[in-house]
Amino acid sequence: MKIIACCKIVPNEEEITILPDRTLNTAEASLKISQYDLNALESGKVLAAESGGSMAALSIGSSSFLENSKIRKDVLSRGADELNLVIDDAHSFSDSLQTAKAIAAALKAIGSYDVVLCGAGSSDLYLQETGIQVGTLLNLPVVNNVTGIKAASEHTLEVERTLEEEVEVLEVPLPAVLSVSSEINVPSVPSMREIMKAGKKPVNLLSIDEELAPSASIAEQLAPQQQERRQETIEGDNEEAVNALAAFLRKEGF
Amino acid sequence: MAIQSIFIVSDNYAVLPEFCAGAKKLADSVTAVVFGDEAAAKEHISCGADKIIFCPVSEEGAPEDYAAPIAALVKEQQKAMVMVNNSIRGRCLAGKLSVYLDTAVLGSVNDLSVENDALFCHRVVYGGTAQRKESFTAPYGVITISAGIFEAPAETSGNAEVLPIAGEPSQPIRRISRNEKKEGAVNLVAAKRIIDVGRGLAAEEDLEMCRNLAKVLDAEVGCSRPVAENNKWMPKACYMGITGVQVKPELIVVLGVSGQVQHIGGINKSKVIVAINKDKAAPIFKNADFGLVGDMYKIVPSLIEKLS
Ligand SMILES: Cc1cc2nc3c(=O)[nH]c(=O)nc-3n(C[C@H](O)[C@H](O)[C@H](O)COP(=O)(O)OP(=O)(O)OC[C@H]3O[C@@H](n4cnc5c(N)ncnc54)[C@H](O)[C@@H]3O)c2cc1C
């Protein structure tokens, strides 16, 4: 089976700083693979191994994100045999349909594949729609919130999907696009060997020629007003420290 | 009004009165698209919509299969907003509809505002670091929205016209089986006191210790997302954060939670936050009123003793 796992590179949200006017400064934040795309990479790695197939990763974004060699290596140390990139500085991709159109065009450029995997939602925008949109654009079957994947035959997968109040098992004809739930697995930490091998794997630059007009515009983006906290902190887990906590709770009326 | 037409698409009848009341304030005409037979649709005739369009999903079928016919219905209007219930099926429908209507989805919208006749959608981005305000530039827009954003009307009235959807479902995926999932429910939103358990908990059995602390404090127990999702030690309805439950108790005692932005976004409306974490540098301490840097396995039993 030929698997393509989509992953987005994002600024680490823990390192985004808030400026006095409540706008965000993402410039100093380090880059990371969007947290829940790690689940897609892990699912792809497992499925490729089980089906005797291969996995390629695909990422779309600006040059400041995708030309970073450390992040490329990080993606390639997680089971992908190669990395396909669409580097695009002309679009902001703040609209999920725009991103989905670019991914669909990249998949057409890649040509053949059986399973396209996406994470539940990206760490920055968390729309949870891109995978569904990609599949719909390509007129392929799509399933979201996938919690289990098994190859049923060469041309079908048996997919478990967990909804709010039920679990369904679906027979999905291939090719198909699946968005995996963050519950599906716990991504493994790359081994030393995987990290060493990552640097030697091919990186392919794709060019796509697709109309990518946005359909929404951002009027404002501001950090929420911060709630002031007292931050009284005591170090220690001895009797004295616990007494201080009990006293605090009593003082507050609990 | 700001918009001519709003289509509410929901796989859950229960949200209709609230969504219709909210939509009525924004649009001249409100159509509810529901999934089930005509009899079920007729039971909701007074939900507040002007029209109810029902999609008769069969035993083998799913609401998602009706995306193309629903898009065709929306396209009868030159401009419209589609408001989809923010469930897993709802999000699948929203994504498909957005492609057929060639527009973006603005997901998990937490507020809608109107300025100069334009509709703005507000949503959280970067894990809770910012709130973004956006508007559609295309003739159509698709949003997903959860219950609790609009005010639910005390009583509903109305007499909607009930019609079947035109067009056939497409069903590329066969369902092999379906099983009900049984998970306990707790009402953290209404809780006055909460014990918040994170991945600092080493084993499922140790939840007992947290429950005992909850007992002496007369609190409910909730958790962080990985405790529910990855460890599966608590139901998913128990995790707090921007993608989980947002709580506002008088007291929350946070045990072994690092305090990542996404989690803080769910608990920062609490009146008093107490944090226990063995890592002095954990971000939770910046968001706490009172913090103890230490081992929860030493602190919690001793605290239970002192409070009993
Ligand atoms: C798009 C997106 C949405 C998300 N939404 C949510 C959400 O809504 N809610 C949510 O919770 N998370 C959410 N997350 C996940 C979030 O980023 C964190 O991964 C998660 O909150 C971490 O959970 P934790 O603090 O329990 O675990 P960890 O980060 O692993 O922290 C465990 C803590 O326990 C401490 N500890 C360990 N042992 C002890 C001990 N014996 N005594 C005291 N302390 C101890 C450690 O020092 C550490 O600080 C989201 C992530 C993404 C990308």
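Taking a straight line from the alpha carbon of B:LYS215, these aspartates and glutamates sit under 19 Å away, with near neighbours fewer than eight places off in the same chain left out: A:GLU252, B:ASP196, B:GLU204, B:GLU205, B:ASP206, B:GLU250, B:GLU305.
The contact residues of segment B:254-287, meaning those that lose at least 20 Å² of 1.4 Å-probe accessible area when all protein chains sit together rather than their chain alone, are B:GLN260, B:VAL261, B:GLN262, B:ASN268, B:VAL272, B:VAL274, B:LYS280, B:PHE285, B:LYS286, B:ASN287.
Which entries of B:LYS42/B:LYS192; B:LYS182/B:LYS248; B:LYS248/B:LYS278; B:LYS192/B:LYS232 have Cα-Cα distances beyond 29 Å here?
On the way: B:LYS42/B:LYS192 39 Å; B:LYS182/B:LYS248 26 Å; B:LYS248/B:LYS278 25 Å; B:LYS192/B:LYS232 25 Å.
Cα-Cα > 29 Å for B:LYS42/B:LYS192; rest within.
With everything on Cα atoms, drop me the angle between helix A:96-110 and the longest principal axis of chain A, reported from 0 to 90° to the nearest 10. It is inclined by approximately 40 degrees. Given a Förster radius of 22 Å and the C-beta distance between B:ASN231 and A:ASN238 as r, what FRET efficiency does 1/(1 + (r/R0)^6) yield to the nearest 0.05? Rounded to the nearest 0.05, the efficiency is 0.15.
Any chance you could give the angle, 0 to 90 degrees and rounded to 10, that helix B:88-100 forms with the longest Cα principal axis of chain B? That works out to roughly 40 degrees. Using Cβ point charges alone (K and R +1, D and E -1), the dipole size of segment A:145-206 about the Cα centre works out to roughly 820 debye.
Under the convention that each Lys and Arg Cβ holds +1 and each Asp and Glu Cβ holds -1, the size of the dipole of chain B around its Cα centre is about 1020 debye. Computed about the Cα centre, the dipole magnitude for segment A:2-205 is approximately 920 debye when only Lys and Arg (+1) and Asp and Glu (-1) carry charge, each at its Cβ. Normalising the average separation of contacting C-alpha pairs (under 8 angstrom, six or more residues apart) by the number of residues puts the relative contact order of segment B:171-308 at 23 percent.
Please list the three semi-axes, largest first and in whole Å, of the ellipsoid equivalent to chain B, using sqrt of 5 times the eigenvalues of its alpha carbon gyration tensor. The partial results should precede the final answer.
Working: eigenvalues 352, 90, 61 Å².
Gyration-tensor ellipsoid for chain B: 42, 21, 17 Å.
Look at the stretch A:224-230: the mean tally of other chain Cβ atoms within 10 Å of its residues' Cβ atoms is 5. In chain A, the longest principal axis of the Cα atoms and the axis of helix A:37-51 are about 40 degrees apart. Ranking B:MET83, B:PRO69, B:GLY107 by Cα position along the charge dipole of segment B:1-128, where only Lys, Arg, Asp and Glu carry charges on their C-beta atoms, puts B:GLY107 farthest toward the positive end.
Take each residue of peptide A:96-108, count the partner chain Cβ atoms within 10 Å of its Cβ, and average: the result is 2. Taking all Cα pairs closer than 8 Å and separated by 6 or more residues, the relative contact order of segment A:142-254 comes to 17 percent.
With contacts taken as Cα pairs under 8 Å and at least 6 residues apart, chain B reaches a relative contact order of 15 percent. If the reach is capped at under 17 angstrom between alpha carbons, list the aspartates and glutamates near B:LYS280, excluding any in the same chain fewer than eight residues apart. Once the sequence-local aspartates and glutamates are set aside, what remains near B:LYS280 is A:GLU14, A:GLU232, A:GLU235, A:ASP237, B:ASP289, B:ASP295. In summary, the aspartates and glutamates within cross-link reach of A:LYS101, defined as a Cα separation below 15 angstrom excluding same-chain residues under 8 places away, comprise A:ASP88, A:GLU129, A:ASP209, A:GLU210, A:GLU211, B:ASP102. Ratio of Rg to Rh for the protein assembly as shown: 0.97 [Cα atoms; Kirkwood radius as inverse mean 1/r over pairs]. Take each residue of peptide B:83-91, count the partner chain Cβ atoms within 10 Å of its Cβ, and average: the result is 3.
Taking a threshold of 25 Å on the Cα-Cα distance, which of the pairs A:LYS8/B:LYS269; A:LYS45/B:LYS181; A:LYS8/A:LYS73 fall above it? Going by Cα-Cα distance, A:LYS8/B:LYS269; A:LYS45/B:LYS181 fall outside the 25 Å limit.
The values are calculated or read from the model by the stated rules, or taken from the named source; none is laboratory data. Only a predicted model underlies this, so the values are computations on that prediction, with no experimental measurement involved. Cβ atoms come from the backbone with ideal geometry, glycine included; neighbour counts cover every protein chain shown. Calculation scope for accessible area: heavy atoms of the full protein, side chains included, ligands and nucleic acids excluded. Shrake-Rupley method; radii C 1.70, N 1.55, O 1.52, S 1.80 Å.
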